[in-house]
Every structure is written in structure tokens, then in C-alpha cells.
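The values are calculated or read from the model by the stated rules, or taken from the named source; none is laboratory data. From a predicted model like this one, the values you see are computed outputs, not experimental measurements. Reconstructed Cβ throughout: ideal geometry from the backbone, glycine too, with neighbour counts over all protein chains shown.
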């Protein structure tokens, strides 16, 4: 099978990151939007589910015919080169806002506070922050917890792929149902009358709870690959894709706030719809949706989406901490719509620069060093 870049999925990465970004903006500077639109924006963290399912799908698509478990070191280095350099750079850039609030009655000694900082730094550097949800929110406002999930998945991916790639379709479907149920459990437990309830941050971000979404993406990719190998394509892809989008939008616009805002409470409907959207987007090769999602500008945005997601903390933090001063200098930014548009433009500009001069060059340099040391071979 000749591997072609699945352009609509590249664009989908930016759409997901943009949804999360708008959610973070409207949390701080609410927009006076119609209720249905506000409801959809309130579920911006669902963009993370798109990321996780997409991650499983794309990795499986790229490595299905390879043996990453036999070249485990090379695989891990490639994943490290993809996410780690820019992650560290953005973490350093947000150090000025890395403060652990202290209550007036706090009796801890300075050494205890210092050790707490050290622990948080170590956890974040090792991408373990999501395993300790009560701590991950102190640096970069917790927006990098998803990388902790991704890294956990990367370390397991070669072993999971070697297990599921040769399973028969009936077994894959059964496994898909099991994973779907597992994706529901955290939300169901939180909404149950059981006491004490788990931390909402744990239900939302603990890597082991989000792993099923990644593996669902893997299984969906296997079905996609099998279809391509058999030269079969679903009929009426555009119609089915639009139906999925509309169903998700209508459901969220009406019922987004009817369940606890832990952002996994709607998984019973959201996870299968997102999986279908990714599956149908991967099949796109023509039609008006394909033309939109394969647009060069949107593809570029998809390529910088990782930087866009990570660097959002910098302009948001800066404006949040200097809001009154900024409004005094530029009064029109008191309007939340103008502020939102300004932040979008600023974040896009920073993201493009970061991708062009830091993210992509650092990734290539790490891979070049690995090749020189003969670590990267065929994989």
C-alpha cells in the first residue's frame, strides 16, 4: 500500500486545537454568544478526544506494515523529536507565571515550598504531570497534561499494535466495544451516587483513562487500511460526514450543559461520532468537504497545530496578568470579541514562527543526530 498523506486529517488537527483554544479564551473573557454556540464552545476540551483518536489512527496508518516493536528505540526517538523540544521551550517561556499560591495562614517552611516546586518541575520534565492531577495545573495551567497522555500511549503503541494488527475483524469489533465501555466508565463513576467522588481532573486527564480513546483510533485505522487494501470505499462519504458533524453539533448545542462539566460525561455519543468523523475524513478524496479540508492554508494550519496548542499559554497568560494595563493602552481590547480576534491572530503568528524556526528544525536535528549514531534505520 502506497502511503499518502491524509490531508483532511491534517486539517482536522488544527480544527481540534482551535476548538480548545477558543474554549480557553471564553473561560477568561466570555463572549455574548447564542446559547447553542456557547454550549458547543463550552465543550472545547472534547478537542482533546479528537487528538487522542487521531494520534492512534495516524500512528497505526504509518506503522501498520512496519515493526516498531523491533525498532523500539528508533520509534521512541522519533516520537521524542516530535513533541519534546518545543514542549521544553514553551515550558521555559512560561516560567514567569509558574507560581504556587500560598494562603495567608500557610505554615510550610521555605524548604518545603522549594521542594514542591522541584517535584512539579521533575514531573513535568518527565511528562508525568497527568498522573498527579492535583499538581499538573500549576505550570502552564495544566495545558500540557495531554502530552503526558500522548507519551504514555507512545511508549505502549508498538506493543499494542503488534497485538491487535493481526486480530480477526470480529475480535477487533469486540475489542472496540470493550474500549468504548472503558471510555465511559470514568464519567459514569463521577456521575454516580458513590462517595467520595474522584477528582474531576483525574477523571478527565489520568492517562490510563484516556488510553482507550487512543486504541479506538488504532482499531478504526486498521479497518480503514483493510478497506483501502481491498480497494473499497464507503458510499456517500460526504453525506455521512456531514451527518456526523450535524449530529455532534446539534447534540452539544442542546445538551452540553445537562451533564457535569467534566468533559468526558458525553463520551457515550461523542467518542463514536468522533471516530466516525476521522474514519470518513481519512476516506475523502473528492467533493466539497475534501476541497475545504485539503486547502493549502488549512493544511499549513494543521502542520503548525501542535505549536498553536502549546504556545497559546504565552499570549493568554500575558493578557490575563496585564489586562488592565493593556486596555488602558488599547481601549478597544475591552471588547471581548476584538480581544478574542486579536489573540487568535497573535497566537497564529507566534505558532508559525515557533514551528518554522524551532519545532521543525529541532525535530530534524534530533533525527539527523540519531541517524549519524545509526539509531534510526528503516523505521
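When you look at residue 52, is it modelled with pLDDT of 95 or more, within 11 Å of the chain's Cα centre (by Cα), within 19 Å of residue 213 (Cβ to Cβ) and buried (at least 20 other Cβ atoms within 10 Å of the Cβ), yes or no? Show your work before the answer.
On the way: modelled with pLDDT of 95 or more: yes; within 11 Å of the chain's Cα centre (by Cα): yes; within 19 Å of residue 213 (Cβ to Cβ): yes; buried (at least 20 other Cβ atoms within 10 Å of the Cβ): yes.
So residue 52 fits the description; yes.
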Only listed residue being in contact (Cβ under 8 Å) with a residue 60 or more places away in the chain and either assigned to a helix (DSSP H, G or I) or in contact with a helix residue (DSSP H, G or I) (Cβ under 8 Å, 6 or more places away or on another chain) (or both), chosen from 243, 265: 265
Looking only at the stretch 158-182, and only at residues there that are surrounded by 15 or more Cβ atoms within 10 Å (Cβ to Cβ) and touching a residue at least 60 places away in the same chain (Cβ under 8 Å), the one that is farthest from residue 131 (Cα to Cα): 165
Residue within the stretch 100-120 that is more than 30 Å from residue 58 (Cβ to Cβ), touching a residue at least 24 places away in the same chain (Cβ under 8 Å) and outside any helix (DSSP H, G or I) present: yes
Test set (1) part of a loop (DSSP other than H, G, I, E, B); (2) surrounded by 14 or more Cβ atoms within 10 Å (Cβ to Cβ) - residue 232 fails condition number: (2)
Unmet requirement for residue 80, which otherwise passes all of (1) part of a helix (DSSP H, G or I); (2) more than 30 Å from residue 262 (Cβ to Cβ); (3) over 18 Å from the mean Cα position of the chain (by Cα): (3)
Options 290, 245, 263: the member that is buried (at least 20 other Cβ atoms within 10 Å of the Cβ) and out of contact with any strand residue (DSSP E or B) (no Cβ under 7 Å at 6 or more places or on another chain): 263
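On the given criteria, is residue 127 modelled with pLDDT of 90 or more and not in a helix (DSSP H, G or I)?
On the way: modelled with pLDDT of 90 or more: yes; not in a helix (DSSP H, G or I): yes.
Yes.
Given the criterion within 13 Å of residue 276 (Cα to Cα) and in a helix (DSSP H, G or I), identify the matching residue among 203, 220.
Working: 203 fails: within 13 Å of residue 276 (Cα to Cα).
Testing whether each residue is within 13 Å of residue 276 (Cα to Cα) and in a helix (DSSP H, G or I) leaves just 220.
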Filtered residue count, the stretch 36-65, keeping only those that are part of a helix (DSSP H, G or I) and in contact (Cβ under 8 Å) with a residue 60 or more places away in the chain: 20
Positions within the stretch 183-200 being at pLDDT 95 or above and either assigned to a loop (DSSP other than H, G, I, E, B) or buried (at least 21 other Cβ atoms within 10 Å of the Cβ) (or both), in sequence order: 183
Residue ranges of helices (runs of 4 or more DSSP H) in the stretch 282-379 with at least 1 members farther than 20 Å from residue 82 by Cα: 288-293, 296-303, 313-321, 323-329, 336-354
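Here's the yes/no breakdown for (1) under 22 Å from the mean Cα position of the chain (by Cα); (2) at pLDDT below 95:
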residue: 224; (1), (2): yes, no
residue: 232; (1), (2): no, yes
residue: 240; (1), (2): no, yes
residue: 250; (1), (2): no, no
residue: 255; (1), (2): no, no
residue: 262; (1), (2): yes, yes
residue: 267; (1), (2): yes, no
residue: 285; (1), (2): no, yes
